[in-house]
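The values are calculated or read from the model by the stated rules, or taken from the named source; none is laboratory data. In this text the structure is predicted, and so the values were computed from the model without any measurement. Note: ideal-geometry Cβ built from the backbone for every residue, glycine included; neighbour counts use all protein chains shown. Quick note on the areas: whole protein, heavy atoms, side chains included, nothing else; ligands and nucleic acids left out. Shrake-Rupley method; radii C 1.70, N 1.55, O 1.52, S 1.80 Å.
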Amino acid sequence: MRRSILLAVAAVLVMGCIGPFADTFDEAVQDTPADYDECCIGADRAVLGKLAGVPVIAGADLDTLRVDAVATSQQLDESAADWHKDGDGLIADDDTHEYVLALLTRLPGGDPKIHPVTTVIVSARLADAWRVGCPANATEPCAVPTRYESAPLVDPQDGDPISSSIVAVRVPVGQTVLLTAGDPKPGGAAVDLRTGRAVKIPRG
């Protein structure tokens, strides 16, 4: 009897991992809404606009990828896009936060074998984007920037390169959001995800 029960439990777990209940199983034990996520393999500006519900702004190029377009929105319409990059979704919006989104694409003629790695930096001010700690004698409120690192132009299922995807980050209203290619460094190139413009990371 005991052995039968154990076999039944094992069968359910296997079905949850590879069978028709895989998504339900994964959502039950793994998926956790977060402040950063990726979605929408093969997306274009139209998909970004539908997701954000606002007009999009053209972006700029970095060394290994293009920030094709950006948008800032108070409320996402997740039903407007296929959230099929195995993301966990975003934390629900509230009055003190908003969503900053970017459509990332590969550079025209770029090597498809390159897997660009990006870092998104969220800081209260542009001048604080490279802050690594708060001075012990600080006389003003001080916060270390939040960073999110990922490889957004890779299919999470098989590691193959993809042409485009959307990154979405939930941030306090008005905060600066920068995206860099590779490891960020003071004076390094970045794109301001609110304006789409190329900027330099402050040297601190």
(request) Just the number, please: carbon plus sulfur as a percent of the accessible area of the stretch 52-204, 1.4 Å probe, no ligands or DNA/RNA counted. (result) 51
(request) In whole Hz, with x marking every Gly and Pro, tabulate ³J(HN,Hα) for the stretch 188-194 from phi via Karplus 6.51 cos²θ - 1.76 cosθ + 1.60, θ = phi - 60°. (result) x, 6, 8, 10, 6, 6, 8
(message) Can you give me the distance in nm between label points at Val199 and Ile91, each placed 7 Å from the Cα along the Cα-to-Cβ direction?
(response) 2.2
(request) Could you tell me which of rounded, prolate or oblate describes the stretch 110-202, using a ≥ b ≥ c as the square roots of the eigenvalues of the alpha-carbon gyration tensor, with rounded for a/c under 1.5 and, failing that, prolate when a/b is larger than b/c and oblate otherwise? (result) prolate
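About the Cα centre, and with charges only on the beta carbon of Lys, Arg (+1) and Asp, Glu (-1), how big is the dipole of the stretch 151-204? Nearest 20 debye, please.
Details: 6 positive and 5 negative charges, 105 e Å.
In total the dipole reaches around 500 debye.
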(message) Taking amide H atoms as placed 1.01 Å from N in the peptide plane, list the residues 5 or more away in sequence, or in a different chain, whose amide H sits under 5 Å from that of Ser163.
(response) Gly42
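About the Cα centre, and with charges only on the beta carbon of Lys, Arg (+1) and Asp, Glu (-1), how big is the dipole of the stretch 52-204? Nearest 20 debye, please.
On the way: 13 positive and 21 negative charges, 166 e Å.
For this selection, approximately 800 debye.
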(request) Find how much the distance from Ala80 to Ala127 grows on full extension, using 0.36 nm per residue of separation minus their present alpha carbon separation; answer in nm with one decimal. (result) 13.4 nm
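In a shell of Cβ-Cβ distance under 12 Å around Ser73, excluding Ser73 itself, what net charge do Lys and Arg (+1) and Asp and Glu (-1) give?
Values: positive: Lys50, Arg170, Arg194; negative: Asp77, Glu78, Asp93, Glu98.
Here the count lands on -1.
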